[in-house]
Amino acid sequence: MSSLIAIGAAVAVFTGIGAGIGIGLATGKAAESIARQPEAESKIRSTLLLGCALAEATAIYGFVIGLLIIILLG
Amino acid sequence: MEELNCKIMFTIPVGDGLPIYESVVVTWIVMAVLVLLSIILVRNLKVENPGKKQLALEAGYLFFRNFFYNLLGEHGARYIPYMITIVLYIGLANIMGVFGFVPPTKDMGVTIALALMSIILIEYSGIHQKGTKGWLKSFAEPIPIMLPINILEIGIRPLSLCMRLFGNVLGSYVVMKLVEIICPILLPVPFNLYFDFFDGFIQAYVFVFLTSLFISEAVE
């Protein structure tokens, strides 16, 4: 039973894939746009930070769910 | 696993005993710091020849005010003091880990309360701006098919606000504890800088940014 719970928590952590892809895409685009318009760097950086924090949220949800599975079932 | 639960600091002997959690005590400390700072900083303010302290205070206030004014717009400007209070509280609460306290935002109760306050303010600002009828009508905009989604949003918005803050702070707390087990001296310093300062401020920023975004949407 406990191994099943561990597998369930591990599956919940798969949300990290989406966050990784999202942050990677956002950072790549930000680097591209800074190369194109270096004078807009401060604006791009603040938008990038916000976008990264929002994209990271999905990974955090996965972490919380994994933790809840372990705490409530284990 | 015991580290994840919020500890009970002491119990007030009322009835069956009222437990006081660690997060409440740390919140009192944050409150004391903020109240003391606001008492000390606003003493001896002058219109003529302002001192260095007053200039710094005014610059800081204007920075926050302009930031929120750009987000909230003219109609939402009356909520600026609330937003500044929230960003100061969350910002200070998230870096409490540096001073050896447990950050109160690690307790889910604190983040649930913050998110509930946010959603109540968002809906209140809509009612205040449009009247009850206009507020009810705004659920069916832009097209009536959106009605169930708009109603669902009342529940989803505070849930995502609450879980984002809680999960980030808890995650950084767990990582910090693991790093401290590996090597208790010197190694945690860069991690501390990233997780407590950078991540804490980013999360405070995201929380107030999203709340003010929703308010500006509600008062439009």
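The values are calculated or read from the model by the stated rules, or taken from the named source; none is laboratory data. For clarity, every value in this text was computed on a predicted model and none was experimentally measured. Don't worry about glycine lacking a Cβ; one is built from the backbone with ideal geometry, like all the others, and counts go over all protein chains shown. Areas reflect the complete protein model, heavy atoms only, side chains present, ligands, DNA and RNA absent. Shrake-Rupley method; radii C 1.70, N 1.55, O 1.52, S 1.80 Å.
Mind checking whether some residue in segment A:20-43 is in contact with a Phe, Trp or Tyr (Cβ under 8 Å, 6 or more places away or on another chain), within 13 Å of chain B (Cβ to nearest Cβ) and of a type outside the set (G, A, S)? Before the answer, list the steps.
At the first step, the residues of segment A:20-43 found to be in contact with a Phe, Trp or Tyr (Cβ under 8 Å, 6 or more places away or on another chain) are none.
The answer is no, given that none of the residues of segment A:20-43 is in contact with a Phe, Trp or Tyr (Cβ under 8 Å, 6 or more places away or on another chain), within 13 Å of chain B (Cβ to nearest Cβ) and of a type outside the set (G, A, S).
Considering each residue of segment B:159-191, count those that are touching a helix residue (DSSP H, G or I) at 6+ places or on another chain (Cβ under 8 Å) and either away from chain A (no Cβ under 14 Å) or of a type in the set (A, V, I, L, M) (or both), and give that number. Talk me through it step by step, then tell me what you get.
Within segment B:159-191, the first condition is being touching a helix residue (DSSP H, G or I) at 6+ places or on another chain (Cβ under 8 Å), and the residues that meet it are B:159-177, B:179-180, B:187-188, B:191.
Next, from what is left, pick out any that are either away from chain A (no Cβ under 14 Å) or of a type in the set (A, V, I, L, M) (or both): B:159, B:161, B:163, B:165, B:169-170, B:174-176, B:179-180, B:187-188, B:191.
Number of matching residues: 14.
Mind checking which residues of segment B:198-220 are of a type outside the set (S, T, Y), open to solvent by 40 Å² or more (accessible area, probe 1.4 Å) and either farther than 20 Å from A:A57 by Cβ or within 11 Å of another protein chain (Cβ to nearest Cβ) (or both)? Can you show your working first?
We begin by selecting, within segment B:198-220, every residue of a type outside the set (S, T, Y); these are B:198-204, B:206-210, B:213-215, B:217-220.
Next, from what is left, pick out any that are open to solvent by 40 Å² or more (accessible area, probe 1.4 Å): B:198, B:201, B:213, B:217, B:220.
Across segment B:198-220, the qualifying residues are B:F198, B:F201, B:L213, B:E220.
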*Within segment B:146-179, can you find the residues that are open to solvent by 40 Å² or more (accessible area, probe 1.4 Å) and among the basic types (K, R)?*
B:K177
*Under 6 Å by Cβ, and 6 or more places apart or on different chains, what pairs join a residue from segment B:33-45 that is within 18 Å of B:N94 (Cα to Cα) and at pLDDT 90 or above with one that is in a helix (DSSP H, G or I) and open to solvent by 90 Å² or more (accessible area, probe 1.4 Å)?*
none
*Give the residue, chosen from B:I182, B:I143, that is at pLDDT below 85, among the hydrophobic types (A, V, I, L, M, F, W, C), open to solvent by 60 Å² or more (accessible area, probe 1.4 Å) and more than 23 Å from B:K130 (Cβ to Cβ).*
B:I182
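Quick check on this structure: which one of A:A53, A:A59 is touching a Ser or Thr at 6+ places or on another chain (Cβ under 7 Å) and closer than 18 Å to B:V169 by Cβ? Quick ask: steps written out before the conclusion?
Working: A:A53 fails: touching a Ser or Thr at 6+ places or on another chain (Cβ under 7 Å).
Just one listed residue meets the conditions, A:A59.
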*asked:* For B:M9, only one of the following conditions fails: (1) surrounded by 13 or more Cβ atoms within 10 Å (Cβ to Cβ); (2) modelled with pLDDT of 80 or more. What is its number?
replied: (2)
*Among the candidates B:S125, B:S138, which residue alone is at pLDDT below 85 and open to solvent by less than 40 Å² (accessible area, probe 1.4 Å)?*
B:S138
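Rundown of residues vs (1) farther than 21 Å from B:I202 by Cβ; (2) touching a helix residue (DSSP H, G or I) at 6+ places or on another chain (Cβ under 7 Å), yes/no style:
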| position | (1), (2) |
| --- | --- |
| A:S3 | yes, no |
| A:I21 | no, no |
| A:G24 | no, no |
| A:G28 | no, no |
| A:T47 | no, no |
| A:G62 | no, yes |
